[in-house]
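Quick notes on the structure that follows.
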Amino acid sequence: MRTLTNQEIRTIRIATLGLLIYLGLFYGPGAWRRLTSGGARQQALAREVEAFRQDLRPYENRLLRLEKLKTEIHLDPVRLPGMELVAEASAAIQNAARSGGVQLGPVRESAGNPSARELASMRLEAMGPMPALLGWLARLDELGFPLVVDSVGIEADPRQPNLLKLSLTVVIVDFERWKAEETGNA
């Protein structure tokens with residue numbers, strides 16, 4: 001293959017430059033419109049995505065609060081079946097007491113205050129050594145029910161010096177009503 005002379009190389013460069021100028025003038029405006037319209041579509045989609053993110057932020061906060069509740073107190077709102085909840089919560093409290101070495105006395109259940117979003121109130125009397133009673137009180141948080149300890153009374157048993165008598169009022173929260181009011185306020 002023969003080598004090109006300087007004049008031929010210069011001619012090829014000028015022809016290439018002329019061809020590029022011709023193509024730029026002929027096809028340039030159309031390509032420019034396509035590039036800018038694609039950017040505008042991309043910006044519109046980006047604005048739409050940001051609007052969706054703004055709409056989802058309150059739900060993300062609620063989800064984080066619910067996850068925190070589920071991990072801290074082992075609350076599972078899907079498992080809350082309304083009035084059956086009172087019986088299940090009572091059984092769970094009594095099982096936790098038995099497994100912790102606490103003797104339960106009479107358990108009195110009464111209807112809760114609807115204006116305070118309560119399903120029921122339970123009055124319990126328990127007896128046992130102090131470590132067992134304190135362990136049982138701490139486990140009430142981990143039973144998986146929406147329980148609130150309303151009042152606690154502790155007194156020593158004069159007949160047995162190593163045992164304490166505990167009077168406890170536990171409120172079972174109406175989670176469905178609480179959830180409905182929460183979504184109504186949001």
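Couple of notes before you dig in:
- Against the list (1) over 22 Å from Leu66 (Cα atoms); (2) among the small types (Gly, Ala, Ser); (3) surrounded by fewer than 12 Cβ atoms within 10 Å (Cβ to Cβ), the condition Gly135 fails is (3).
- Check on Pro129, out of contact with any Pro (no Cβ under 7 Å at 6 or more places or on another chain), exposed (fewer than 14 other Cβ atoms within 10 Å of the Cβ) and more than 24 Å from Glu72 (Cβ to Cβ): no
- Every pair of residues 6+ apart whose Cβ atoms lie under 8 Å, when the first sits in the range 154-175 and is under 11 Å from Met127 (Cα atoms) while the second is at pLDDT below 80: Leu163/Asp157; Leu164/Asp157; Lys165/Asp157
- Test: Leu143 is in contact with a strand residue (DSSP E or B) (Cβ under 8 Å, 6 or more places away or on another chain) and assigned by TED's automatic domain parsing to the domain that holds Lys165: no
- Selection from the range 64-73 of residues that are hydrophobic (A, V, I, L, M, F, W, C) and surrounded by 11 or more Cβ atoms within 10 Å (Cβ to Cβ): Leu66, Leu69, Ile73
- Filtering the range 70-108 to residues that are among the hydrophobic types (A, V, I, L, M, F, W, C), at pLDDT below 80 and part of a loop (DSSP other than H, G, I, E, B) leaves Leu75, Leu80, Met83.
- Against the conditions (1) surrounded by 10 or more Cβ atoms within 10 Å (Cβ to Cβ); (2) at pLDDT 85 or above, Gln7 satisfies every one except (1).
- Residue in the range 47-63 that is free of Cβ contacts under 8 Å to residues at least 12 places away in the same chain, under 30 Å from Glu142 (Cα atoms) and either loosely packed, with under 10 Cβ neighbours inside 10 Å or of a type in the set (Lys, Arg) (or both) present: yes
The values are calculated or read from the model by the stated rules, or taken from the named source; none is laboratory data. Note that the coordinates shown come from a computational prediction; the quantities given were computed from them, not determined experimentally. Glycine also receives a Cβ, built like all others from the backbone with ideal geometry; neighbour counts cover every protein chain displayed.
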